[in-house]
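Only one structure is covered here, and it is reproduced in the block below.
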Amino acid sequence: MTSTIDPKTIGKPQHPRRHVRTLTGYLPETDASGKEKWPKGEEKVWKAGMRGLDKDVPDITKSFVNHVQTSLARQPYNLDELGAYQAAALSVRDNLLVNWNETQLNYTRKTPKRAYYLSLEFLMGRTLDNALLNLGLKDQYNDGVQQLGFNMEDILEKERDAALGNGGLGRLAACYLDSSASQELPVWGYGLRYQYGIFQQLISPEGNQLEAPDPWLEHQNPWELPRLDVSYEVRFYGHSERGNDGRAVWTGGQEVLAIAYDVMIPGYGTKTTNNLRLWESKPKRGFDLNSFNAGNYEGAVESSNSAAAITSVLYPNDHTLKQQYFWTAASLADILRRFKNTGKPITEFPDYAAIQLNDTHPTLAIPELMRILLDEEELSWNQAWQIVTNTFFYTNHTVLPEALEKWPVPLVEHVLPRHLQIIYDIVTVEKKFPGDRDRLGRMSLIEEGFPKQVRMAHLACIGSRKVNGVAELHSDLVKTTILKDFVEFEGVSKFGNVTNGVTPRRWLDQCNPQLSDLITKTLKIDKGVWLKDFTKLEGLLQFTEDKEFREKWAAVKQSNKERLAKYVQSTLGFTVRTDAMFDVQIKRLHEYKRQTLNILGVIHRYLTLKNMSAAERKKANRKVVIFAGKAAPAYYIAKLTIRLIVNVARIINDDPETKEYLQLYFLPDYSVSLAEILIPASDISQHISTAGTEASGTSNMKFCINGGLLVGTVDGANIEIAEEVGESNVFFFGHLTPAVEDLRYQHTYHPIPIEQKCPALAHVLNEVSAGRFGDGHVYEPLLNTVRQGDYYLLTDDFDSYIASLAMVDEAYLDRDEWIKKSIRTTAKMGKFSSDRAILEYAESYWNLEQTPVPSS
Ligand code: T68
């Protein structure tokens, strides 16, 4: 059923502003017209009687018990750990709300320019521990729950990860929110409230990845505030009728409601508590009463089911056009409503709002803002385009051609008829540029073919004020490959780089509390200071020659290995030996990330050990190799790599001759929380993408911050890490980016048989084929990616990879020197704090100012 409504009502709040009053005694008061009367400089007055933070243990236990009895409706004499977690979380949430309210009020009053981070993914992980840290209430809550007979560590374990993301891009968004709040920047996140996050990964007895749903909201989510009063209508399908004036009226189709859920984002050591707004889709009408009355029950609920489905799942490595539009339309409507509340003219919009596009997923916001400005605000094309191109900023996260988003024109036309018209109008503008036909074809927003496709990266680029990549090399590649023509047309100054960063709060203090303590005690600087000025870590350099300090440093690493071993024992039942070098590769499974190179290297090591005499083996390093990561469910080759790892692990871990020297584990269901256990335990980690393919990588930073060294290719942020920590502390191997194209050309036109080119690798592949690790036939399609074509250059890099691992072994044998390398690495990681990165965005891109909440 469709209806025609005035397009001007789209994006308007569904519920008229209610009549609000001030609680007696709680200023601000309202005047006769309902306008708030702010007491000038008398903040304390209106705060009188307002709820403050629970700072003391008795307040905390009282609030905990209160939540047990009221919010949870349970009795204090039979509470389990899940209940204790929920009560603790609700009590912490009350505290977050105090700061959140003050922050939002401060922004409303000061109307600073705000930035909006639009990301389809926010990989938040757990919240409770982070909220306690940022509020500065960790000790008090530890004591409080202990007094009530619970243990904070056990309570923390009860929280499920909020896993609303696939990998690096989603986790980066979460780090940036933490840093924005910590740096007192007015930044809001906008995303989707998926009912099911990234799938849960199970491993079958054969070693296959199986996927199960992740019903993370099952036990309710104490961290979200449903804002049922904040909702917008979003339209799909229908027709767009153009008038003579270039404006259009878009009617009919399906209308869906977007409902807001707010998640509070506390800054570390500041009152600033920002907001992450996640949208849930809901049918505009419950069900179609006519169909219902006619006995067509399925038909009656069909459209309401399709509306609810929009935000039901996070698709692995993919999103849908409907998700993208639903989210961008709701977010823009909300941003515009907030701007309009300031009473400023629409032409000033870019002075008050910067919108950051996290990859191309939110690019429909560009034609959507054009639609609103043209059809609703009735601006001219030029005025509208001027506003749009001063509002948006686009960050690219990949140059892999196959990963660049494109939507078929017929699909866009069907789902978003008005937006396709606007996209074609932008094409017209583009055609005004002088230049040859080839170039115009390359630059077009529309790729020719059957069907034609809309190139989202081109749209994001021309609709934005600035474009950036996420590490130096990657930003250069953006300029010289995928957006080369645009650089020539628009000038190089539009294109920049912001090297990624990670939050030191989660990725050092929370995940590695012992190291954090050791750093604080050694530097004699308050943790509150160095966690915010991460370059202070450099002070550790002067202690590298201090033997006692080195022993303490090594003891922390050892203890983290034991924590990991305990986790593996209790969850999987395997006994991991902790007197070994821990070598870790954790990331999404993808051919370009080359987990295959790693597992083939492990097999090579195993075969080498098998060929040694017992006496020779005794001299070898003991090594534990760990993998974790999910493969997209439809990515056959990536799943086969997991299967190979699992089956090689079975053979290796069971071999009495070698198992003392080599153990191998695939840890299922990789998550933020699992990374928090794995990273601090690692001696060496692998970042071994084919040169030029990994935009940045962020786990490389996390490992180094925690004193782990890297073995890697000259790619992404590995390069800048080496620049900081010194090349002697990084184990580089492999061909460089400029060689890749030529090597691929050779593979295609002058292939050299693998036996000749890389005998060591050929031997490994033959052993797999011959069934040494289970039925060899199963792995043929995977092995053939290396034997034929070898797009990711394993045959070119294998020998130098093995050589670099030999250097790792050699370096590890001198344990004292290794620990020095580890200390030097941590000490020089200051640059990679996400605080530095977010300040770069704020200063060089968004033109945003820090807006601290006044202290009371
Ligand atoms: C990652 N990208 C980059 N994409 O691979 C990584 N893509 O090098 C970089 O460090 C990180 O972004 C942060 O900049 C992704 O994680 C996705 O997850 C993704 C999801 C859906 C569709 C496309």
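Nothing in this text is a laboratory measurement; each read-out follows from the coordinates by a stated rule. Remember, it's a predicted structure, so these values are computed and weren't measured experimentally. Every residue, glycine among them, receives a Cβ derived from its backbone with ideal geometry; neighbour counts consider all protein chains shown.
Using the structure shown, select from K62/K527; K113/K466; K623/K820; K702/K828; K138/K521; K158/K282 the pairs with a Cα to Cα distance greater than 22 angstrom.
Long pairs (Cα-Cα over 22 Å): K62/K527; K158/K282.
What's the FRET efficiency of D351 with V249 using the Cβ-Cβ distance as r and R₀ = 30 Å, to the nearest 0.05?
0.50
Shape call for the chain from the C-alpha gyration tensor, a ≥ b ≥ c root eigenvalues: rounded (a/c under 1.5), prolate (a/b greater than b/c) or oblate?
Working: a/c = 1.70, a/b = 1.25, b/c = 1.36.
Here the chain falls in the oblate category.
Quick check: pseudo-label points 7 Å beyond the Cα along Cα→Cβ at L97 and D526, how many nm apart are they?
3.0
For segment 482-565, run through the GluC sites (Glu not before Pro) and keep only the ones in DSSP coil with at most 16 other Cβ atoms within 10 Å of their Cβ. Please list the in-between numbers first.
Values: sites: E488, E490, E538, E545, E548, E551, E562; in loops: E545.
Passing both the DSSP loop test and the Cβ count: E545.
For the peptides 471-480, 61-70, what is the packing order when you average, over each peptide's residues, the other Cβ atoms within 10 Å and list the highest mean first?
Packing order, densest peptide first, comes out as 471-480, 61-70.
Using the Cα gyration tensor of segment 709-856, with a ≥ b ≥ c the square roots of its eigenvalues, what is the shape: rounded (a/c below 1.5), prolate (a/b larger than b/c) or oblate (neither)?
It comes out prolate by the Cα gyration axes.
Please sort by residue number the chymotrypsin sites (Phe, Trp or Tyr not before Pro) in segment 769-856 whose DSSP state is loop and whose Cβ has at most 16 other Cβ atoms within 10 Å.
Numbers: sites: F773, Y779, Y791, Y792, F798, Y801, Y812, W818, F832, Y841, Y845, W846; in loops: F773, Y791, Y792.
Qualifying residues, ordered by number: Y791.
Could you order the peptides 98-109, 165-176, 267-278 from most to least packed, using the average number of other C-beta atoms within 10 Å per residue?
The peptides rank, most packed first, as 165-176, 267-278, 98-109.
Kindly list the residues of segment 592-631 that lie in the label zone of S769, defined by a backbone N under 13 Å from the point 7 Å along the Cα-to-C-beta vector.
Within reach of a label on S769: no residues.
Taking 1 over the mean of 1/r across every pair of different Cα atoms in segment 498-551, what Kirkwood radius in Å do you get? Write out the running numbers ahead of the final one.
Numbers: mean 1/r = 0.0843 Å⁻¹.
Its Kirkwood hydrodynamic radius stands at 11.9 Å.
Determine, for each peptide in 340-350, 190-200, 690-700, the mean count of other beta carbons within 10 angstrom over its residues, then list the peptides with the highest first.
Answer by packing, highest mean first, reads 690-700, 190-200, 340-350.
Using 0.36 nm per residue of separation minus the Cα-Cα distance, give me the extension gain between T575 and K618 in nm, one decimal.
That pair, T575 and K618, stretches by 13.4 nm at full extension.
Under a 5 Å amide H to amide H cut-off, with H placed in plane at 1.01 Å, what residues pair with N274 once short-range neighbours are removed?
I265, G267
Can you tell me the convex hull volume per residue for segment 175-265, based on C-alpha atoms, in Å³ to the nearest whole number?
228
Could you pull out the trypsin sites (Lys or Arg not before Pro) across segment 518-574 that fall in loop regions by DSSP (anything but H, G, I, E, B) with no more than 15 other Cβ atoms inside 10 Å?
Answer by residue number: K524.
Under the rule a/c < 1.5 gives rounded, and otherwise a/b versus b/c splits prolate from oblate, where does segment 257-368 land using the Cα gyration tensor?
Taking the square roots of the gyration eigenvalues as a ≥ b ≥ c, segment 257-368 is prolate.
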